[in-house]
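These notes are about the structure you will find just below.
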Amino acid sequence: GCLPIAVFSGSSNITFGTSSCSSGNSYDPLFQQQYPISTWGKNFGFIPFADFPNGSPYRVLASEDNTSVFFNGSLVATLMAGQIYPAAFTTTPDVLTQPTSITSDKPICVAQYSPRQNCGGANFGDPDMVILNPIEQNIRDITIFSSSQQAITRQWINVLIKTIAAPSFKINGAAPFGTWQTVPSLPGYSYLRHLLNGPGSYRLA
């Protein structure tokens with residue numbers, strides 16, 4: 001008899017960075033809608049964001065006790081319900097610099113973050129959080145919107161699909177100009193990091 005609700009998490013003013021990039025202003029509101037546990041999965045492809053040479057921070061949340069979490073097939077954590085890996089961001093957040101297979105024996109939620117623009121290297125962007133879709137929840141057709149507000153000058157997308165489907169993938173009806181790359185730890189899957197032409201709506205199918 002309950003009615004549907006949406007749940008959001010985040011902060012009104014947050015940053016992700018290290019002690020080496022504590023100067024400058026790079027704080028943003030950060031809110032994301034949370035997926036219900038019924039849509040969580042056991043298989044994820046983690047593709048680090050473009051324009052972040054130092055890698056992308058991440059967190060894994062367990063829904064059940066004794067959840068085994070594997071990165072590229074190697075056990076990295078055993079979590080109880082509600083526990084997160086890594087447990088907390090330190091002055092040097094845990095990051096992944098290469099495409100990574102994140103799997104588990106029980107449903108998990110995986111979040112990917114972008115650090116602050118002041119955070120070394122050639123970072124372009126501000127603090128952000130993306131709740132990743134598990135491979136079990138991949139879809140064939142989606143329309144996204146990318147904005148130019150707040151001095152956004154570069155609009156990237158990460159696409160992970162079956163390798164066999166890559167040749168037929170289109171953005172607004174046209175083949176992307178980027179190069180597909182296979183994910184060694186995810187046999188049969190390839191990814192594309194694509195720089196969009198600018199702000200606007202884009203159909204990915």
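The values are calculated or read from the model by the stated rules, or taken from the named source; none is laboratory data. Predicted model, so just to flag it, every value in this text is computed and none were measured. All Cβ positions, even for glycine, are placed from backbone atoms using ideal geometry, and neighbour counts span all protein chains on display. What goes into the accessible areas is simple: the full protein's heavy atoms, side chains included, and nothing from ligands, DNA or RNA. Shrake-Rupley method; radii C 1.70, N 1.55, O 1.52, S 1.80 Å.
List of remarks:
- Any chance F124 is among the aromatic types (F, W, Y) and modelled with pLDDT of 95 or more: no
So that you can scan it fast, the table gives a plain yes or no per residue for (1) among the charged types (D, E, K, R); (2) at pLDDT below 80; (3) closer than 14 Å to M129 by Cβ:
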position	(1), (2), (3)
S20	no, yes, no
T39	no, no, no
N43	no, no, no
F46	no, no, yes
R59	yes, no, yes
N66	no, no, no
P86	no, no, no
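- Within the range 64-74, tally of residues that are hydroxyl-bearing (S, T, Y) and either open to solvent by less than 20 Å² (accessible area, probe 1.4 Å) or touching a Gly at 6+ places or on another chain (Cβ under 8 Å) (or both): 1
- Those residues of the range 158-187 which are more than 21 Å from D51 (Cα to Cα), open to solvent by 50 Å² or more (accessible area, probe 1.4 Å) and under 20 Å from the mean Cα position of the chain (by Cα), in sequence order: K162, T163, P184, P187
- Subset of the range 83-115 (residues that are over 18 Å from P48 (Cβ atoms) and open to solvent by less than 50 Å² (accessible area, probe 1.4 Å)): S104, P107, I108, C109
One line per residue, one yes/no per condition, for (1) under 22 Å from D28 (Cβ atoms); (2) of a type outside the set (A, V, I, L, M):
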{"residue": "I144", "(1), (2)": "yes, no"}
{"residue": "S148", "(1), (2)": "yes, yes"}
{"residue": "R154", "(1), (2)": "yes, yes"}
{"residue": "K162", "(1), (2)": "no, yes"}
{"residue": "L186", "(1), (2)": "no, no"}
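- Flag for I139 being modelled with pLDDT under 95, out of contact with any Gly (no Cβ under 6 Å at 6 or more places or on another chain) and exposed (fewer than 12 other Cβ atoms within 10 Å of the Cβ): yes
- Selection count where residues are closer than 26 Å to P107 by Cα and either free of Cβ contacts under 8 Å to residues at least 40 places away in the same chain or of a type in the set (D, E, K, R) (or both), scope the range 134-164: 8
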